[in-house]
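Here's the structure we're looking at; comments come further down.
The values are calculated or read from the model by the stated rules, or taken from the named source; none is laboratory data. Model, not experiment: these values are computed from the prediction. So basically every Cβ, Gly included, is an ideal-geometry build from the backbone, and we count neighbours across all protein chains shown.
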Amino acid sequence: MLPPMQSGRATFEGYVTNRLINFYVRRSTALGLPIVEHAYISLTGKIGPKQLGIYDDAQIPGLTKLAQSIHALGTPIVIQITHAGGVANKKVIGTTPAGPSARGKNRKLEKTELEKIAGDFALAAERAVRAGFDGVELHGAHGYLLNQFFSPLFNKREDEFGGSLENRMQFPLMVVEKVRDVLKGKLLLYRLGSDDLAPKGTQIEDTVAFAVKLEQAGVDIVDVSGGMCGSEPKQLRRIKGYFIPQAYEIKKAIKVPVIGVGGITEAKHADSLVRDGKVDLVAVGRAFWKDSQWAEKALKTLKT
């Protein structure tokens with residue numbers, strides 16, 4: 001499968017372009033599942049100038065064209081929806097970024113704002129359904145808002161949304177519930193920040209407990225990646241499949257399918273991860289970025 005990767009091919013207002021559609025069409029032949037790059041659910045949740053958006057009904061026609069173009073290949077398609085929270089770009093959003101806690105130049109989100117943001121996630125999911133996507137993925141990794149609430153490195157709140165592990169799960173689970181209610185049977189994926197790679201950050205035992213809660217809340221697939229350390233932590237880059245160990249620990253604790261990722265570039269390696277029961281699906285990112293024909297070549301390799 002193709003994990004969500006920021007391509008910078010949308011308009012400045014976050015609308016789909018033909019260039020963006022072509023990016024996914026070229027990579028979706030012989031592919032199990034493409035997940036479209038992180039689409040921001042509200043104007044305050046944007047991180048990049050040409051990031052894809054899903055914050056307005058006017059974007060539905062372009063998103064529909066994207067979904068239909070991939071379906072024409074016989075391939076399903078999911079879109080990742082996100083809010084950048086405290087790492088949103090002030091120059092891009094035109095206001096002070098807000099996250100779980102006041103941190104640096106960020107302000108703290110009030111409880112009433114949490115309800116609004118959870119509602120914005122649900123509205124974005126509704127747009128994805130109307131556009132014909134087969135599901136949505138909630139971005140709870142790489143230091144974005146849902147991950148910020150889960151991680152003790154970022155979440156310093158003293159109310160019911162911060163402090164204990166149980167409390168730090170509350171806002172992400174609220175979002176899961178609201179999104180689940182509007183999906184009409186479509187897939188719900190959660191990209192889970194499994195490890196902050198920091199002594200006082202999220203540890204794998206925390207994430208396993210969270211994955212169990214996500215499964216109970218109705219998540220269909222858990223997509224395991226990095227937490228506050230990001231998607232390509234420097235200390236792990238030379239390891240092939242660097243987030244597979246975390247994915248395997250999570251897979252042992254839940255019954256829904258688990259996606260593994262982390263510098264996977266070789267077809268036989270990817271195949272062995274599934275055959276050996278480490279993960280159920282394998283995400284290949286940078287290799288696909290460099291070679292849009294990676295899937296076709298992988299098929300040929302595995303058939304020989």
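Number of residues in region 1-22 that are in contact with a helix residue (DSSP H, G or I) (Cβ under 6 Å, 6 or more places away or on another chain) and under 12 Å from Lys65 (Cα atoms) equals 3. Listed conditions (1) surrounded by fewer than 18 Cβ atoms within 10 Å (Cβ to Cβ); (2) at pLDDT 95 or above are all met by Thr304, apart from (2). Selection of region 1-14 for residues being within 19 Å of Ile35 (Cβ to Cβ) and more than 19 Å from the chain's Cα centre (by Cα) yields an empty set. When the criteria are applied in full, Ile79 meets the requirement of being outside any loop (DSSP other than H, G, I, E, B), under 21 Å from Leu138 (Cα atoms) and out of contact with any Ser or Thr (no Cβ under 9 Å at 6 or more places or on another chain). Within region 165-193, the set of residues being outside any helix (DSSP H, G or I) and closer than 18 Å to Asp220 by Cβ comprises Asp181, Val182, Leu183, Lys184, Gly185, Lys186, Leu187, Leu188, Leu189, Tyr190, Arg191, Leu192. Looking across region 34-76, just one residue is acidic (Asp, Glu) and either under 18 Å from Leu2 (Cα atoms) or within 19 Å of the chain's Cα centre (by Cα) (or both), and that is Glu37.
Checking every residue in region 251-269 against the condition of being more than 30 Å from Arg26 (Cα to Cα), at pLDDT below 95 and loosely packed, with under 14 Cβ neighbours inside 10 Å gives zero matches. Among the residues of region 118-142, those identified as surrounded by fewer than 24 Cβ atoms within 10 Å (Cβ to Cβ) and either of a type in the set (A, V, I, L, M) or in contact with a Gly (Cβ under 9 Å, 6 or more places away or on another chain) (or both) are Ala118, Asp120, Ala122, Leu123, Val129, Ala131, His142.
Considering only residues of region 219-268 that are over 21 Å from Met5 (Cα atoms) and among the hydrophobic types (A, V, I, L, M, F, W, C), which is nearest to the chain's Cα centre (by Cα)? Of everything passing the filter in region 219-268, Val219 is nearest to the chain's Cα centre (by Cα). Looking across region 221-237 at every residue that is of a type outside the set (A, V, I, L, M, F, W, C) and buried (at least 17 other Cβ atoms within 10 Å of the Cβ), the one that is modelled with the lowest pLDDT is identified as Pro233. Per the listing Ala39, Ala30, Ala67, the residue uniquely assigned to a helix (DSSP H, G or I) and among the hydrophobic types (A, V, I, L, M, F, W, C) is Ala67. Here Lys278 fulfils each of the conditions (1) of a type outside the set (Gly, Ala, Ser); (2) crowded, with 17+ Cβ neighbours inside 10 Å; (3) within 17 Å of the chain's Cα centre (by Cα) apart from (3).
The number of residues in region 77-103 being of a type outside the set (Gly, Ala, Ser), within 21 Å of Tyr15 (Cα to Cα) and within 20 Å of the chain's Cα centre (by Cα) comes to 8. The residues of region 160-209 that are crowded, with 24+ Cβ neighbours inside 10 Å, of a type in the set (Phe, Trp, Tyr) and out of contact with any Asp or Glu (no Cβ under 7 Å at 6 or more places or on another chain) amount to a single one, Phe171. Annotation note: Cβ proximity below 7 Å between a residue of region 227-241 that is over 27 Å from Met169 (Cα atoms) and hydrophobic (A, V, I, L, M, F, W, C) and a residue that is at pLDDT 80 or above and assigned to a loop (DSSP other than H, G, I, E, B) (sequence gap 6+ or interchain) occurs for Ile239/Gly263.
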